[in-house]
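Remarks on the structure that follows.
The values are calculated or read from the model by the stated rules, or taken from the named source; none is laboratory data. Given the structure is predicted, the values throughout are model-derived calculations rather than measurements. Backbone-built Cβ (ideal geometry, glycine too); neighbour counts: all protein chains shown.
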Amino acid sequence: MKEISRRTKAKGDLPGSIYLRGKVYWIKYYKDGKPYRESTRSEDYDTAQAELAKRINEVTQGKTPNIEAKRIKFDDLSKDFLSDYRINGRKSLERAEISTNHLKVFFSGTRVTEISTSKIQEYIEKRMEEKAANGTINRELAALKRMLHLGARHTPPKVDRVPYVPMLKENNVRKGFFEPGDFIAFRDKLPEYLKGFATFAYKTGWRKTEICNLEWKQVDLKRATARLNPGETKNDGARVAYLDSELITMLESTFAVRKKAGIVCPYVFPNESGTGPIKDIRGSWYGACQAAGIGRKLLHDCRRTAVRNMIRSANPEVVVMAITGHKTRAVFDRYNIVNEADLALAASRQEAYLKAAMGTKTGTILDLKERQSS
């Protein structure tokens, strides 16, 4: 091994050396009397000298060299990311796992030091070629950004710098909802165990996990309420929904059947075998959509529909937000969908108002002037 020793021009003129292993230069420096060695992965002496100066400057600033960080791969960060979700009991763990799986296809085996903005842009282009929606790609990029920040905060750091992560403009916000007739046709095509589940989602606007995990101890049939306790919602806040006559009748019938059969499952809407909570409904859900001829609808379209129906029923928006669990007005407005029928209704209401106010046939200013001149 040929070693070429040099003293650096870094702060304090701390000793260090540069030496060759094969054709690649390595550097050696000290912190608190302990030697550190690492490869520069370069055959250029000037590059090695700059790397050595950088390391010694870091030492003078009190930073501990983290050679292991250069060996960290994306896979290590993804494990820490999902572990953080599980430890903190995050409600969106399933979504995080889906995003991570997409990222793994591209980044698995990649060293963290190789994850640059250019590399991330390559990933975005790949996902766009796969026809992934902008919103979906953004969820994946957000997961990647979180991984990098967790790595940077690790002791010792697993990430020495977090690259800029570009985000896409989301112009693909979904605006689907169920018309009343479409929902009835759709529900009729669902398997029996999903009919109550779908009706509850359609009426209350609750999220999938909130309905799937709803237990009988949270339902009071006498008071016609269903409650979510603190920590059981996405936003961790408690919530209550008052049930209409259809839901009460449905739940009373379901409870009677459960009691007669001696079923001990605590869930209000159990899976098809009645042994646990509902998990994956996509096959049955999309099959019912196709059979009803209403196009592809999502479970989340029930949430949008519930918001829309409650607002159209003249309920105050603050009350609707309390029922559905929306915390911010910006997100709520995305669910309060306006379609052409709403616009037509607004025009007819305005006409009726102006007729009453002006006493004319159409309520226009022109008609008012004609009436005054006559």
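Can you tell me which residue is farthest from K79 (Cα to Cα) among those in the range 89-123 that are charged (D, E, K, R) and assigned to a helix (DSSP H, G or I)?
Across the range 89-123, the extreme among qualifying residues is E122.
Give me the pairs, please: first residue somewhere in the range 251-273 and assigned by TED's automatic domain parsing to the domain that holds E210 and without any contact (Cβ under 8 Å) to a residue 12 or more places away in the chain, second residue anywhere and exposed (fewer than 12 other Cβ atoms within 10 Å of the Cβ) and in a loop (DSSP other than H, G, I, E, B), beta-carbon distance under 8 Å, and either six or more positions apart or on two chains.
Filtered contacts from the range 251-273: C265/T275.
Just give me the residues in the range 271-328 being over 25 Å from R95 (Cα atoms) and assigned to a helix (DSSP H, G or I), in sequence order.
Result: Q290, A291, A292, R308, N309, M310, I311, R312, E317, V318, V319, V320.
Among the residues of the range 242-255, are any closer than 29 Å to G181 by Cβ and modelled with pLDDT under 85?
Yes, that holds for at least one residue.
What single numbered condition from (1) in a strand (DSSP E or B); (2) at pLDDT 65 or above fails to hold for E58?
Result: E58 fails condition (1) only.
Name the pairs: first residue in the range 300-313 and not assigned by TED's automatic domain parsing to the domain that holds T209 and modelled with pLDDT of 85 or more, second residue acidic (D, E) and surrounded by fewer than 20 Cβ atoms within 10 Å (Cβ to Cβ), Cβ to Cβ under 6 Å, at least 6 apart or on different chains?
Going by the 6 Å Cβ cut-off, there are no qualifying pairs.
Could you tell me which residue of the range 210-234 is modelled with the lowest pLDDT, considering only residues that are loosely packed, with under 12 Cβ neighbours inside 10 Å and on the phi < 0 side of the Ramachandran plot?
Selected residue: P230.
If only one of I124, I72 is touching a residue at least 12 places away in the same chain (Cβ under 8 Å), more than 23 Å from D280 (Cβ to Cβ), surrounded by 14 or more Cβ atoms within 10 Å (Cβ to Cβ) and in contact with a Lys or Arg (Cβ under 9 Å, 6 or more places away or on another chain), which one is it? Explain how you work it out, then say what you get.
Values: I124 fails: in contact with a Lys or Arg (Cβ under 9 Å, 6 or more places away or on another chain).
When all the criteria are applied, what remains is I72.
For residues that are touching a strand residue (DSSP E or B) at 6+ places or on another chain (Cβ under 9 Å) and surrounded by fewer than 19 Cβ atoms within 10 Å (Cβ to Cβ), tally how many sit in the range 182-208.
Of the residues in that region, 1 qualify.
Check every one of the helices (runs of 4 or more DSSP H) wholly within the range 124-229 and list those with 3 or more residues that are touching a Cys at 6+ places or on another chain (Cβ under 9 Å) and within 30 Å of V112 (Cα to Cα).
none
Mind checking which residues of the range 26-52 are in contact with a helix residue (DSSP H, G or I) (Cβ under 6 Å, 6 or more places away or on another chain) and either in contact (Cβ under 8 Å) with a residue 24 or more places away in the chain or in the same structural domain as T113 (by TED's automatic domain parsing) (or both)?
Correct list: I27, Y29, K31, E38.
If you take the residues of the range 82-117 that are closer than 20 Å to I137 by Cβ and basic (K, R), which of them is modelled with the highest pLDDT?
Per the criteria, the residue is K104.
Across the range 14-32, which residue is modelled with the lowest pLDDT among those that are surrounded by fewer than 15 Cβ atoms within 10 Å (Cβ to Cβ) and of a type in the set (D, E, K, R)?
D32
In the range 257-270, what residues are closer than 11 Å to W216 by Cα and assigned to a loop (DSSP other than H, G, I, E, B)?
V264, C265, P266, V268, F269
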